[in-house]
Structures are given as C-alpha cells and as structure tokens.
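Below is one structure; the comments refer to it alone.
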Amino acid sequence: MVKYQSRLELIKPMAASLAEWLMDYYLDDQWPEIMLPVPLHRKRLRERGYDQTLLLTKALKKLLSFRDLNIEQQLIKRTIHSVPQQSLDATARQKNIRNAFTLNGKPPWHHVALVDDVVTTGATVNEITRLLKKSGVKRVDIWSVARTPET
C-alpha cells in the first residue's frame, strides 16, 4: 500500500509496530551497530518520488533513539534497474536481483540491520546479505514490517 499507492501516512504506524517488536526481540540479544536501508535504483526513485524503505528506516531511528542507531544509506548501491520483483515468481526474482547491488567500500561494522519494507521470497535481502558477509560483516539482521509466508 505504501509503495504502490503512496500511502505515506502508514509509515509511522508500521514503524511503531516494528519498533515495538524489535525492543522485545533485543531484550535478550545484541542490537546492531547500524541500520542499512535496502536502496532503490535512482530511476525507480524518480518514478515513485519517494523511497518507502528509507522513510521507514528514518521513522525507526526516531522511535529507537534511545539506542543511538544511525542510518547508513551510501554503503549499498543498487546498480541494476531491474523489473519490479512483485511481477515475478521466486526463481525469476532470484535471477532478477542477482548482482543488482554493489557496496561502496568495506563496511566497518560486524553486526548490521538490513531494513526492507516487505520481504517476499527473500531474494533481495539474501543478495545484499551475501555482499555484506563477503566483505566482512559477521551478522546481518533483517528488519521488515511484513514477510510473506513460505510456500
């Protein structure tokens, strides 16, 4: 809804729900050092006019301000403007997203939170996680407001 119908007013309540869940989850676990929003390709950003994942990440930063979590939005770059994932099946999604991202340097963190609005097949977050781990990140936590059930 947020992504395709420009319902930006839904960002704050979605972030609040996710933040509440995260505070419970991390009671017994280590918080990440940084939040990394899954980036849009610049062409898609121009088409849509906003980056819903970045807006979600910024809302989370405000809600989790007691953790002093920063946002790094320059590390991950989407280099391939591929067709929207929503129109593809799981196999096609994996092929569509393969090598679509690069890293602008070596991450200095060992534990990061990768923020995405919706995780469907996991192809996007898996691809970025692969890159992050290959460049030295030890742990990647996926933060998302929705996850479609595996079939």
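The values are calculated or read from the model by the stated rules, or taken from the named source; none is laboratory data. Treat the numbers as computed from the prediction; the structure is a model and nothing was measured. Glycine gets a Cβ as well: all are built from the backbone with ideal geometry, and neighbour counts include every protein chain shown.
For K95, all conditions in the list (1) surrounded by fewer than 16 Cβ atoms within 10 Å (Cβ to Cβ); (2) of a type outside the set (V, I, T); (3) modelled with pLDDT under 90; (4) under 14 Å from W143 (Cα atoms) hold save one; what is the number of the exception?
Only one criterion is unmet by K95, namely (4).
Select from the range 112-147 the residues that are part of a strand (DSSP E or B) and farther than 30 Å from L8 by Cβ and list them in ascending order.
R139
Could you please find all residues in the range 27-61 being over 17 Å from I76 (Cβ atoms) and exposed (fewer than 15 other Cβ atoms within 10 Å of the Cβ)?
L27, D28, D29, Q30, R46, E47, R48, G49, Y50
T102 passes all but one of (1) assigned to a loop (DSSP other than H, G, I, E, B); (2) free of Cβ contacts under 8 Å to residues at least 40 places away in the same chain; (3) not small (G, A, S); which number fails?
With (1) assigned to a loop (DSSP other than H, G, I, E, B); (2) free of Cβ contacts under 8 Å to residues at least 40 places away in the same chain; (3) not small (G, A, S) applied to T102, the lone miss is (1).
When the range 41-86 is examined, which residues are found to be assigned to a loop (DSSP other than H, G, I, E, B), at pLDDT 90 or above and of a type outside the set (D, E)?
Passing the criteria: L64, L69, Q73, Q74, L75, T79.
Could you list, in sequence order, the residues of the range 108-148 that are touching a residue at least 60 places away in the same chain (Cβ under 8 Å) and hydroxyl-bearing (S, T, Y)?
Correct list: T124, S144.
Only one residue in A15, A19 is in contact with a strand residue (DSSP E or B) (Cβ under 8 Å, 6 or more places away or on another chain), more than 16 Å from Q74 (Cα to Cα) and assigned to a helix (DSSP H, G or I). Which one?
None of the other options fit; the residue is A15.
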